[in-house]
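Presented below is the structure to which this report refers.
Only the coordinates and a few stated rules stand behind these numbers; no lab work does. Because the structure is predicted, anything quoted here is derived from the model rather than measured. Neighbour counts are summed over all protein chains in view; Cβ atoms, including those assigned to glycine, are modelled from backbone coordinates with ideal geometry.
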Amino acid sequence: MPVPLVAGTHAAMHAAMHATWAISLGADSPVLTVPWQDATGRVEYVDLRARPDRIEDIPEARENPPLAKVLERLNAPGSPWATAKCDRWPLDDEDLEAASFDLALARSRSSAQAGIGSYIDFYHRDAAEFTSLEHHRALVQRLTRSAEGLAGDSVSSVQRGVQPAAMLELTLRRCIAEGSEGYAITAFLYAIGEDEARAQTNWAAALATLTHILLG
């Protein structure tokens, strides 16, 4: 992942989710292109706005119902968004240790033994908002504040003081969608738990929070 040109963080002390934002618009930064096709020609962009029935053609969605649900909602007719790419993977030992450290849950003080990583690329359907850098700069910061605020509100007074088990990283990048140049956001989500089942539960809850802040 490229070093962002601009970055910031909002870390609510008792939030169930930690959230950060970054802007990656350097000359060497990756540009998201829609539609796309991989080098083999066997994996390609699926336009879920036009063909919601093709969600089963996306392996990551087919194998992960919580991810499929997010993609369906973000591409629904009433949504202001469209999605481009996604992925989901188990965290290896190195990534798990890094995620635990970022969440203030170093291995020496944590029972975290499993973790999940994922990302979703999404962009505005509205042409004016899609091409506005000023809008996107403000957007990634607002979404970050919303993610931590919502997660914090969801923690009961009994649970106050628990460490977050999920982390959201929003990265703004350039995007070329159907010939137009604008901007897209990549939402990276990382969740950890004492076992795979708990990590999966935390990841699904983080996905639900992401969906909520994007659709309201």
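Quick notes on this one:
- Using a Förster distance of 35 Å, the FRET efficiency for Thr33-Asp95 (Cβ separation, nearest 0.05): 0.85
- Rounded FRET efficiency, nearest 0.05, which uses the C-beta distance separating Leu25 from Ala138 and R0 of 22 Å: 0.90
- Cα→Cβ-extended label distance, 7 Å offset, between Asp126 and Ser111, nm: 4.6
- The stretch 178-193 - phi-based ³J(HN,Hα) in whole Hz, Karplus 6.51/-1.76/1.60, Gly and Pro as x: 6, x, 9, 9, x, 9, 9, 10, 9, 9, 8, 10, 10, 10, 10, x
- 5 angstrom amide H check on Thr20, placed H, neighbours 5+ away: Leu168, Glu169, Leu170
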